[in-house]
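The block underneath contains the structure these notes are about, expressed in structure tokens.
Readers should treat all values here as calculations from the given coordinates under stated rules, not as data from a laboratory. What you see is a predicted model, and the numbers here were worked out from it, not measured in a lab. Counting neighbours? That spans all protein chains shown, and the Cβs are built from the backbone with ideal geometry, glycine included.
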Ligand SMILES: [Mg+2]
Ligand SMILES: [Zn+2]
């Protein structure tokens with residue numbers, strides 16, 4: 001309860017930086033696999049449930065000969081297990097324990113955000129529900145289950161990227177001109193990182209940011225991202241970030 005005790009009141013008001021709560025200064029986009037969830041759950045589900053043959057698609061994707069859209073469509077077509085079982089298995093891989101606090105920071109500071117993933121919405125929503133979240137904005141690929149099995153649906157594709165979910169196009173539509181601060185770890189984050197004001201990165205994305213001179217900080221978990229954002233929110237650090245991006 002907000003304001004129930006003095007201690008709670010302090011916690012509840014801690015993230016209310018006046019200058020930015022009235023008008024958002026940036027839009028935060030967050031990857032799911034390997035970022036909110038330390039493990040790449042999409043990968044884990046495919047490895048666990050797909051019939052042999054998924055490795056060929058993976059190889060073509062790794063060599064850059066097909067995009068993730070085609071790779072995921074081929075791999076998911078090799079899964080004969082009910083969606084419910086996939087979600088159940090995915091839920092055995094919990095999210096970063098610091099993520100709920102990070103969500104609280106964004107909401108209390110009035111910073112708009114979205115989870116944009118090249119994984120599958122029912123799996124992501126299942127894992128988030130397990131962590132107590134039922135109302136987060138998630139943009140991802142989808143799965144339709146009917147008598148013949150699972151079908152992949154890609155509602156966020158673009159003509160410029162071969163990803164299942166093109167994060168740069170999706171963010172462009174969502175952010176309505178606000179600068180993007182992106183948090184991610186892998187190849188699906190490359191396109192959005194090119195347009196970001198700042199990137200929190202780990203894994204393959206770090207090398208990409210270095211090579212392309214994208215303003216970035218590495219992170220190990222959401223506690224670290226939160227600390228960095230709290231620093232931005234005091235104004236000066238945010239300004240210096242903007243200068244770096246310019
Ligand atoms: Mg990822
Ligand atoms: Zn893109």
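Go through region 79-93 and give me each residue that's away from ligand 1 (no atom under 16 Å from the Cβ) and either closer than 24 Å to residue 221 by Cβ or buried (at least 17 other Cβ atoms within 10 Å of the Cβ) (or both).
79, 83, 86, 87, 89, 91, 92
Give me the residue from region 154-181 that is surrounded by 15 or more Cβ atoms within 10 Å (Cβ to Cβ) and farther than 22 Å from residue 199 by Cβ and, out of that set, nearest to ligand 2 (Cβ to nearest atom).
Looking at residues that are surrounded by 15 or more Cβ atoms within 10 Å (Cβ to Cβ) and farther than 22 Å from residue 199 by Cβ, I get 157.
Consider only pairs whose beta carbons are under 6 Å apart and that are at least six residues apart or on different chains; among these, list those whose first residue lies in region 51-73 and is touching a residue at least 60 places away in the same chain (Cβ under 8 Å) and whose second residue is surrounded by fewer than 18 Cβ atoms within 10 Å (Cβ to Cβ) and assigned to a helix (DSSP H, G or I).
Short answer, once both residue conditions are applied: 66/60.
Within region 98-150, restricting attention to residues that are in a loop (DSSP other than H, G, I, E, B) and in contact (Cβ under 8 Å) with a residue 60 or more places away in the chain, which residue is nearest to residue 81 (Cα to Cα)? Steps first, please.
Initially, region 98-150 is screened for residues in a loop (DSSP other than H, G, I, E, B), giving 98, 109-112, 131-137, 147-148.
Among the residues that remain, those that are also in contact (Cβ under 8 Å) with a residue 60 or more places away in the chain are: 98, 109-112.
Values: 98: 32, 109: 42, 110: 41, 111: 39, 112: 36 Å.
Going through the qualifying residues, I end up with 98.
Does region 23-77 hold any residues that are within 28 Å of residue 221 (Cα to Cα), part of a loop (DSSP other than H, G, I, E, B), out of contact with any strand residue (DSSP E or B) (no Cβ under 6 Å at 6 or more places or on another chain) and away from ligand 1 (no atom under 16 Å from the Cβ), and which are they?
Passing the criteria: 23, 24, 25.
Do you know which residues across region 186-200 are touching a strand residue (DSSP E or B) at 6+ places or on another chain (Cβ under 8 Å) and either within 14 Å of residue 114 (Cβ to Cβ) or within 16 Å of ligand 2 (Cβ to nearest atom) (or both)?
186, 188, 189, 192, 193, 195, 196, 199
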